[in-house]
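The values are calculated or read from the model by the stated rules, or taken from the named source; none is laboratory data. Since we're looking at a predicted model, the values are computed, not measured. Note that each Cβ is placed from the backbone with ideal geometry, even for glycine, and that neighbours are counted across all protein chains shown.
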């Protein structure tokens, strides 16, 4: 894999699987239900497309989000099973700005991704999303994501708030076209959600978020 890249596939596995939520990282603004305003990327050009991806490893819910309340999604690349994701083709600069905003920082500098692309993993700092991971490639372009440097065994689980789960439901439908039952089963299989969420409560929320037959976006390529 090349140690340098002008473009990257940013792999989301949480709320950013929903296109309209992800767009705030590029264009700025406040997502519906959020408690914060996003400054947006320095380069507000449209991303180069998105594809559904399957990540080796487990997604779990922990921490306490000041943006949404409740837990948020983290990814353990060494965890069991597989997880749904959605990759967006962005410039290296846009990836840097997405990373900065996830850490509640102002986008102002490009990341040096040399170490990440050479070694496959790079820890920038102790923050909740400062462990960068290469999870594959598409057409020779690296697919990268970020998560916490701690694992599911090293932090207390915390169930996500309803507004966050609703975005996950919409993102799963939009990117992977999962039906209602598969959506409920997938979410119940993520460690941490069972702290507050029962199957009956999830079934009710999924039903209230609308039809699973909505159009899918850029679903023609997979990792």
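Among the residues of the range 40-56, which ones are touching a residue at least 60 places away in the same chain (Cβ under 8 Å) and either in contact with a strand residue (DSSP E or B) (Cβ under 9 Å, 6 or more places away or on another chain) or closer than 15 Å to residue 144 by Cα (or both)?
Filtering the range 40-56 for residues touching a residue at least 60 places away in the same chain (Cβ under 8 Å) gives 40-42, 49-56.
Matches in the range 40-56: 40, 41, 49, 50, 51, 52, 53, 54, 55, 56.
Only one of 91, 67, 82, 114 is over 14 Å from residue 134 (Cα atoms) and more than 16 Å from the chain's Cα centre (by Cα). Can you tell me which? Walk me through how you get there before you give the answer.
Working: 67 fails: more than 16 Å from the chain's Cα centre (by Cα); 82 fails: more than 16 Å from the chain's Cα centre (by Cα); 114 fails: over 14 Å from residue 134 (Cα atoms).
Selected residue: 91, the only one of 91, 67, 82, 114 that is over 14 Å from residue 134 (Cα atoms) and more than 16 Å from the chain's Cα centre (by Cα).
For the range 120-211, which strands (runs of 3 or more DSSP E) that fit wholly inside it have 3 or more residues that are over 17 Å from residue 85 (Cα atoms)? Quick ask: steps written out before the conclusion?
On the way: elements: 121-123, 131-138, 141-147.
Qualifying strands (runs of 3 or more DSSP E): 121-123.
If you check residue 100 against the conditions, is it within 12 Å of residue 8 (Cα to Cα), surrounded by 15 or more Cβ atoms within 10 Å (Cβ to Cβ) and not assigned by TED's automatic domain parsing to the domain that holds residue 175? Before the answer, list the steps.
On the way: within 12 Å of residue 8 (Cα to Cα): no; surrounded by 15 or more Cβ atoms within 10 Å (Cβ to Cβ): yes; not assigned by TED's automatic domain parsing to the domain that holds residue 175: yes.
The answer is no for residue 100.
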**Prompt:** Does the range 2-40 hold any residues that are closer than 23 Å to residue 137 by Cβ, over 13 Å from the mean Cα position of the chain (by Cα) and in a loop (DSSP other than H, G, I, E, B), and which are they?
**Reply:** 2, 3, 4, 5, 6
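Scan 185, 204 and give me the residue that is closer than 19 Å to residue 60 by Cβ and surrounded by fewer than 22 Cβ atoms within 10 Å (Cβ to Cβ).
On the way: 204 fails: closer than 19 Å to residue 60 by Cβ.
Of 185, 204, the one residue that is closer than 19 Å to residue 60 by Cβ and surrounded by fewer than 22 Cβ atoms within 10 Å (Cβ to Cβ) is 185.
Does residue 66 satisfy being in contact (Cβ under 8 Å) with a residue 12 or more places away in the chain and surrounded by fewer than 17 Cβ atoms within 10 Å (Cβ to Cβ)? If you could, list the steps in order and put the result at the bottom.
Working: in contact (Cβ under 8 Å) with a residue 12 or more places away in the chain: yes; surrounded by fewer than 17 Cβ atoms within 10 Å (Cβ to Cβ): yes.
Judged against the criteria, residue 66 is a match.
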**Prompt:** Within the range 113-133, how many residues turn out to be farther than 21 Å from residue 60 by Cα, surrounded by fewer than 19 Cβ atoms within 10 Å (Cβ to Cβ) and out of contact with any strand residue (DSSP E or B) (no Cβ under 7 Å at 6 or more places or on another chain)?
**Reply:** 3
